[in-house]
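Derivation of every value follows stated rules applied to the coordinates shown; laboratory data play no part. What you see is a predicted model, and the numbers here were worked out from it, not measured in a lab. Because the Cβ atoms are built from the backbone with ideal geometry, glycine has one as well, and the counts that use them run over all protein chains shown.
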Amino acid sequence: MQPGLENLDYRFTGTRPAGSFMPVLVGVVGSGNLEVLMEPAPGSDCCFHIETSARGFGAIWVAVVRDFHARHPLAGVQVSIHDMGATPAVVSLRLDQAAQELQP
């Protein structure tokens, strides 16, 4: 396995347009934690870009973001995740926190 960050990208078709919003940032990058940045994006997709220090966990990441998108089928959103080894539960918590900021 190569050293350094692993980059993962996922795209889901959304059914709930997020509309216009200021970028939302939750969490702090640090040992065992992560930050989530949500930004408006053109189109009807919800795109995830993940940079993680925990290499080889693509199957776990896709399960976590798929579960999030099932609960929050956002459209027109770019989600960037910068991870330093957070657990799936912390990832879900941070994603839910960011999505809550988008509520009117």
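Subtract the Cα-Cα distance of HIS49 and SER80 from 0.36 nm times their separation in residues, and report this length gain in nm to one decimal.
10.7 nm
Placing dummy labels 7 Å off each Cα toward the beta-carbon, the span from ARG71 to GLN100 is 1.0 nm.
So what is the calculated 222 nm ellipticity per residue for the chain, using -39500 (n - 2.57) for each DSSP H run with n of 4 or more, over all residues, to the nearest 500 deg cm²/dmol? Taking each H run of at least 4 residues, the total per residue is -8500 deg cm²/dmol.
Principal-axis analysis of the Cα atoms of the chain puts helix 58-71 at an angle of about 20° to the longest axis. The gain in end-to-end length when the ASN7 to LEU93 segment is fully stretched comes to 28.9 nm, 0.36 nm per residue minus the alpha carbon separation.
The structure-derived value of Rg and Dmax of the Cα atoms in Å appears in the list (1) 12.6, 37; (2) 13.6, 52; (3) 12.9, 44 under the label (3).
If you add up the charges near VAL24, with Lys and Arg at +1 and Asp and Glu at -1, over every other residue whose beta carbon is less than 10 angstrom from its beta carbon, what do you get?
Charge balance in the 10 Å sphere: -2.
If a spin label sat at a point 7 angstrom from the Cα of LEU37 along the line to its beta carbon, the backbone N atoms of the stretch 61-104 nearer than 12 Å would be those of 78-83.
So what's the net charge close to GLN100: Lys and Arg +1, Asp and Glu -1, counting the other residues with Cβ under 12 Å from its Cβ?
Residues close to GLN100 contribute a combined charge of 0.
Compared with the dominant principal axis of the Cα atoms in the chain, helix 88-101 is inclined by about 30°.
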